[in-house]
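Below: the structure, in structure tokens.
Each value in this text was obtained by applying a stated rule to the coordinates, not by laboratory testing. Model, not experiment: these values are computed from the prediction. Because the Cβ atoms are built from the backbone with ideal geometry, glycine has one as well, and the counts that use them run over all protein chains shown.
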Amino acid sequence: MASEFDRSKKLDALANWAEEQGITINDCKIRTDSNGAGIFATRDLAAGDTIVTVPYHKVLSRDTVVEYAQTHEFLRNLLLRDAAGAPISEAELTGISDKDVLTRFFISEILTNRRGDNNNNNNWDSWVESLPALREMNLPIAWDRQYIEDLVGTSIYDATLSKVNFLKFRYKRFFESAEVRDLIKEYVMSGPAPKLHTESDIELAFKDWVLIESWISSRSLEVFYRDQRELCLGLVPVVDMANHDSVNSNAKYELDFDGKVVSLVATDTIAAGTEVLIDYGQDKGAGEFVFSYGFIPATFNDAVVANFIIPDLLGDEEESEDSGPADETSELTVLRAKDKMFGAVPRLLRVQADGTWTSDYLSFLALPASEFAFGGSDGTEVEFRGTGVAELRAGGAQAVADNDAAVMERAASMADSLVVDVLRPELEQDATSVPSSGGAAVAGRLAELERLLLTKIKMGGAR
């Protein structure tokens, strides 16, 4: 574990690097306190004062990475590859996502450090060195599997497993290319002083891949392309040191498209010695904070909002065949037909702290059978009156909104019953299986807050 002295040295190096790169830090200092690293005012600041200004060329975005690669052959070789590691042309680079461009930049930085020449014409080294270690970010995607299981019953358990599996798939797909592996090995081994402790150091390990994903997920902002006002994904050095507080936030980041800078600006008076704090998002719930940032704000006394995955409410159609041929007009057959018609749209229940809930899927499932036309020998050919299947799959709630008030009232009553009488008890039962403490203690806190949120669901809460 790095000592507090080592951490302070890195932050001092970051401040010196920022000055050299034209990043201005006004009347503030990057330092640590008992809660970790942050930005602190060195004198009283007034609302409207500019705290940090970062010129576009030091905002890590697609544009700056592509430009940087023009003079860094290894990074350029990484960029000009598809998701499977196969070479692509310069023109095809536009098909590589912003996140993949940033990922490959960090791959290059990690391996450049590992080959022992990280100070050789590298304009980003001090900033990358200042980024937190994997354990400091505490994102669930980096937890051991036993700790991920502590999330069972919460709104982010399935999302966490899906993201881990997706990361494994993307990692394996890119590095299964022998050409990519040989490229990395040659690059690391040809360095002036390779820092090799194990044979795996000539590769990029999966834990490095997760580290990169954690940096991008927890520290990226919406910035802008060089010559456009369109937004893209980017990381903003120094501004990314500002910590969160939704109650006591005293600053915000601003984009200046014309001046091509990103600024951190005070929104309130900030006394000398006080930390500069921004709001990561007032609409974010506890689950999203854990998933994206690895913590739950101390000010949260409820989950605020959560998107729960709706479990299977209809059962296995094949298992029910033992009871005899299905009546194509039976309620269960109709529900299954509507479920199939809904398609691959996520089946989610969004719950707010005031007890209101929304679910396109449940709103659609609750529509009276009289609003559908059923055909086929098994009743599975179904048509919703007045709209096409494509429009219906784009959102069940709109299908409800397009009908008359009486239909909407009947659908809302059934949906309420599904949520309050069936779905809420099942979700609460799942949530109670989560331990109140454990290796990932934040999971217990999340489960506690989301159980409280579920108890607030009320009849007539749909909106």
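Net charge near residue 309, counting Lys/Arg +1 and Asp/Glu -1 over other residues with Cβ under 12 Å of its Cβ? Residues close to residue 309 contribute a combined charge of -2.
Within a Cβ distance under 11 Å of residue 414, other residues only, what is the Lys/Arg minus Asp/Glu net charge?
-3
Ellipsoid fit via the Cα gyration tensor, region 7-293: semi-axes of 31, 24, 19 Å, each the root of five times an eigenvalue, largest first. Suppose R0 equals 60 Å; then what is the FRET efficiency for residue 181 and residue 330 from their Cβ-Cβ distance, rounded to the nearest 0.05? Once rounded, the FRET efficiency stands at 0.55. Excluding residue 22 itself, calculate the net charge of residues whose Cβ lies under 14 Å from the Cβ of residue 22, where each Lys or Arg counts +1 and each Asp or Glu counts -1. Spelling it out: positives minus negatives among the neighbours equals 0. Considering only Cα-Cα distances, which of the following residue pairs are longer than 30 Å: 163/340; 99/340; 172/252; 163/185; 29/207? The answer is 99/340; 172/252; 29/207. Provide the FRET efficiency to the nearest 0.05 for the residue 117-residue 90 pair, computing r from the beta carbons and using R0 = 30 Å. For R0 = 30 Å, the calculated efficiency reads 0.70. The calculated FRET efficiency for residue 312 paired with residue 46, based on their beta-carbon distance and R0 = 56 Å, is about 0.50.
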